[in-house]
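Here the structure comes first, spelled out in structure tokens, and everything after it is commentary.
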């Protein structure tokens, strides 16, 4: 019997089609509808540039509630009418807002928010990255977000990855209101983790910011106001007419599909990849987000 | 006596000027001339775009000697006359060369170079990063370059960081000749380490590539040839007239200045940084390189 079993196995193996080694994209494309979570429309901030380009930001109220509430009040109060992108520093950030204007805050804005640079880890579900993180005792994903954390000291923060959106501020104890925002357009500046309030990430159109000309002044500020990139409007998707409202979904970081995706991001073995790394850094995982039809 | 000593110390403390907490830039600016190493002119590749922008690349013959020799032969044989940047993929790479042309190789080009994806660690001096690396057992710096390595298995590779230049290739066993090159313009794609030959890094003008419009075809290829960005010339600095030849130097990664710089990159404590990270990832260190007067 034993011999036969072996023979059968060999026959089965020989008959099997060659295993297709899946790419991360294959895994994302095969994820069932249940693995995707819609981003609520009142957490979707739509910034239209005057040139016609659109930048869409997902807000993260679970991590920086007062700053996110401010950003919603600023959008509804049309604070960013006449705003510009006035700073683009290569391999770092693109920054926008009213720059040094004295434009008053709309109703509902907290002028001095608390330092929402991190939050308690307790209360967050999380999927562990599984590779060491140079910046924190632990790293992983929670509710679709890349996070760094300490289980022992009970803190967690949104990581500064490519596309992350944070709140410009002056020196401490100032934490910024949210009127001046930046998006990361280069290698993850993780040294900013727990030093600045991260309020979300660009989920569509980051290339509209990353391909802008770099500013030539210190810190990438544009030298002449003529170089400023005008912003036409900043609106919450929930405040837009239903027919115009864009909608996005992210791959649930607690789903089996994401676990498979994460494993392959750390172990590329398809076609081109002759040698899987056996690890991946937090910001190189890139949680999949896509526009809903 | 004891009491007096304490009193003296207090007095001294009170009288001392406030300690200035150094930024990484402060440390670089204070580095003595002996801490800087000139990049040999025959390892400096100068690519001028037809639009007027210049991109300068430092070549790394210690890591990919056959590919680097190819690149020198390609430059001297004017292989890149009429070449273009034809692929710009956001948060990944800008790629240039002759694309799918059948232009013949100039004299001296090895058509099928060996897989110079890594080299023996033995023979390289190295400065240890001191933070964990998700992609390799060890990480650090050698001769001004960010490297990942295994002491046990005796390999080392140039890491794919922002600005790194690698050799486009087809599927293995093809390794590319060096005719098609790319530069990293986003978060470090370290999954490419030991999978592709890295031949150098952009030391000046990376923003000329990173701010280009993104290609809209798969993998960031430009859709129309009209979008291709023409390259005027690619020359070795050593082949340029002395008066026109640009010269660069890097902070010696074995110098005490670099050790101080590295420490502060992992522990920002100046002004803005209320909470030092206590770690830094290899590609976020950014070995200082500057143009010589």
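Per-structure values
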{"quantity": "Tail fraction, Cα-Cα pairs, the protein assembly as shown, threshold 38 Å, whole percent", "calculated": "35 percent"}
{"quantity": "Label-to-label distance, nm, for residues given as residue B:81 and residue A:245 (7 Å Cα→Cβ offset)", "calculated": "6.1 nm"}
{"quantity": "More than 19 Å apart - percent of Cα-Cα pairs taken over the stretch B:181-246", "calculated": "51 percent"}
{"quantity": "Percent of Cα-Cα distances greater than 22 Å, calculated over the stretch A:176-293", "calculated": "56 percent"}
{"quantity": "Test item: A:266-278 mean partner chain Cβ contacts at 10 Å", "calculated": "4"}
{"quantity": "Most mobile listed residue (B:182, B:250, B:273) in chain B, GNM with C-alpha springs under 10 Å", "calculated": "B:273"}
{"quantity": "Relative intensity, log₁₀ I(q)/I(0), of chain B from a Debye sum that treats every alpha carbon as a point, q = 0.10, 0.12, 0.15 Å⁻¹", "calculated": "-0.58, -0.80, -1.20"}
{"quantity": "Residue A:101-residue B:271 FRET efficiency (beta carbon distance; Förster radius 22 Å; 0.05 resolution)", "calculated": "0.40"}
{"quantity": "Per-residue [θ]222 nm for chain B (sum of -39500 (n - 2.57) over DSSP H runs n ≥ 4, rounded to 500)", "calculated": "-5000 deg cm²/dmol"}
{"quantity": "Fluctuation leader among B:97, B:52, B:178 - chain B, Gaussian network, Cα springs under 10 angstrom", "calculated": "B:52"}
{"quantity": "Selected from B:209, B:59, B:121 as most flexible by GNM, with chain B as the system and alpha-carbon contacts under 10 Å", "calculated": "B:121"}
{"quantity": "Ranking of B:238, A:131 by count of other Cβ atoms within 10 Å, fewest first", "calculated": "B:238, A:131"}
{"quantity": "Crossing angle, helix B:256-266 versus chain B [Cα axis fit, 0-90 degrees, rounded to tens]", "calculated": "90 degrees"}
{"quantity": "Rotationally averaged projected area of the stretch B:139-219 (alpha carbon convex hull; nm²)", "calculated": "6.7 nm²"}
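No value in this document is a laboratory result; all are computed from the given coordinates. Here the structure is a predicted model, which is why all the values come from computation and not from measurement. Virtual Cβ from ideal backbone geometry, glycine too; neighbours counted across all protein chains shown.
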